[in-house]
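Heads up, the thing below is written out as structure tokens.
Any read-out appearing in this document is the output of simple, stated calculations on the displayed coordinates, not a laboratory observation. As the structure is a computational prediction, the values presented were derived from the model and not from experiment. Cβ sites come from the backbone with ideal geometry, for glycine too, and all protein chains shown count toward neighbours.
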Amino acid sequence: MVASTVFRRVVASFCRIALALLVIIFFAWAFGIRMPGRNISTAAALDNAEVALRAELVADVQALAGDIGERNTTRYAELNAAADFIEGSMAHAGLTARRESYDLHGHACHNLEVEIRGTRPEILVVGAHYDSVFGSPGANDNASGVAGLLALARRFAGKPGGQTLRFVAFVNEEPPYFQTAEMGSFVYARRCKDRGDKIAAMISLETIGYFSDAPRSQTYPAAGLGFFYPTTGNFIGFVGNTRSRALLRAAVGAFKKERKLPCEGASLPAAIPGIAWSDQWSFWKCGYPAIMVTDTAPFRYPHYHSSTDTPDKLDYDRFALVVSGMEKTIAELAK
């Protein structure tokens, strides 16, 4: 009798735990994983405008990761050369980049911002960091994001809309400044907060140039996520914390409308590895909604943070589709 009672209690406890796990999984799926819009399974063919865009992306990644190469505070001349290149590229598009500088251990470091004023006071920030990790030329991480940023700025130049657009190239995202007060995007976001800037949304472009059709080429940072998401790395990811869920869903829905490339979204706790791994973290810390657009970097890209992260490793056709889709997405969000 005693053994039977113990057994029933164990079974009852197990059932309660299993039910609790099912409830957690359901809410995670319903509120953080299930996204609006109809997805596609394969990439679209490039149209003529996207072929031209592809050439821009190739040239800009080569300039940053090929010609300049590793760029960080141990390669200070190269870091400044990257800033000069970004500023010159913006000027060529008719945009004036403003340097938001700060001192870092005796070195002047520069965030670069161009603003296209809209008809409303709300601001949409599109950002990408231009430094690379120590020992890497940083083609995908993050010359790809900067090339995308420059291409998008060119396409919105002279086209004011609803919200004001800011395109910002951030310095010092990589260690040892990552997720510290010395991170370029944190300095920028904090200054925005101090000024009272009405930032409605921030989009971080982080490693957006690598894709794979190989089976099991995609991994995930948390057990169980592979149950909800593809195991083939042929999609672009949209990632946000739980407080940025509305922005994330709006961005995913707008991107899917263009039917350019498979896309997945995740609005999950920032404590999950990878969720906070870029400049969106800085804006969360200052109370702004922010998301990251990414190919998921270390969970797919074999050359992540290595000396082999060179321009030849990128898939420029699908990279161009990401940027083309983001052009329409940003226009939709900024209405």
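Just a few scattered comments:
- Counting Cα-Cα pairs of the chain in 10 Å increments starting at 0 gives whole-percent bin shares of 6, 26, 35, 20, 6, 3, 2, 1, 0.
- Centre-to-centre separation between the Cα atoms of region 61-116 and those of region 130-152: 11 Å.
- Counting only DSSP H runs of at least 4 residues, each contributing -39500 (n - 2.57), and dividing by the residue count of the chain, the helix-based mean residue ellipticity at 222 nm comes to -12000 deg cm²/dmol.
- Note on the chain: with a GNM built from Cα contacts shorter than 10 Å, the maximum mean-square fluctuation among Met90, Met202, Met292 falls on Met90.
- Tensor-based shape of region 208-259 (alpha-carbon gyration tensor, a/c under 1.5 rounded, otherwise prolate or oblate): oblate
- Within straight-line cross-link reach of Lys313, aspartates and glutamates at Cα separation under 12 Å, skipping those fewer than 8 residues along the same chain: Asp141
- Label point of Ser306 set 7 angstrom out along Cα-Cβ; within region 206-245, amide nitrogens under 19 Å from it belong to 207-221, 233-234.
- Residue order, fewest to most surrounding Cβ atoms within 10 angstrom, among Glu56, Glu173: Glu56, Glu173
- Candidate cross-link partners of Lys159 among the lysines, defined by an alpha-carbon separation under 17 Å and a same-chain spacing of 8 or more, comprise Lys328, Lys335.
- Legend: calculated FRET efficiency, Asn48 to Asp84, from the Cβ-Cβ distance at R0 = 25 Å, rounded to 0.05, equals 0.20.
- Gyration tensor (alpha-carbon) shape descriptor, region 60-142, a/c threshold 1.5: prolate
- Fewest-first sequence of Val146, Val133, Val187 by Cβ atoms within 10 Å of each Cβ: Val133, Val187, Val146
- Annotation for region 88-170: trypsin sites (Lys or Arg not before Pro) lying in DSSP loop with at most 13 further Cβ atoms inside 10 Å of their Cβ are Arg117.
- Additional length obtainable on full extension of the chain from Ala222 to Ser41, 0.36 nm per residue less Cα span: 62.8 nm
- Exposure proxy for Asp60, Asp67: other Cβ atoms within 10 Å of each Cβ, ordered fewest to most, give Asp67, Asp60.
- Net charge contributed by nearby residues that have their C-beta within less than 10 Å of Asp317 (K/R +1, D/E -1): 0
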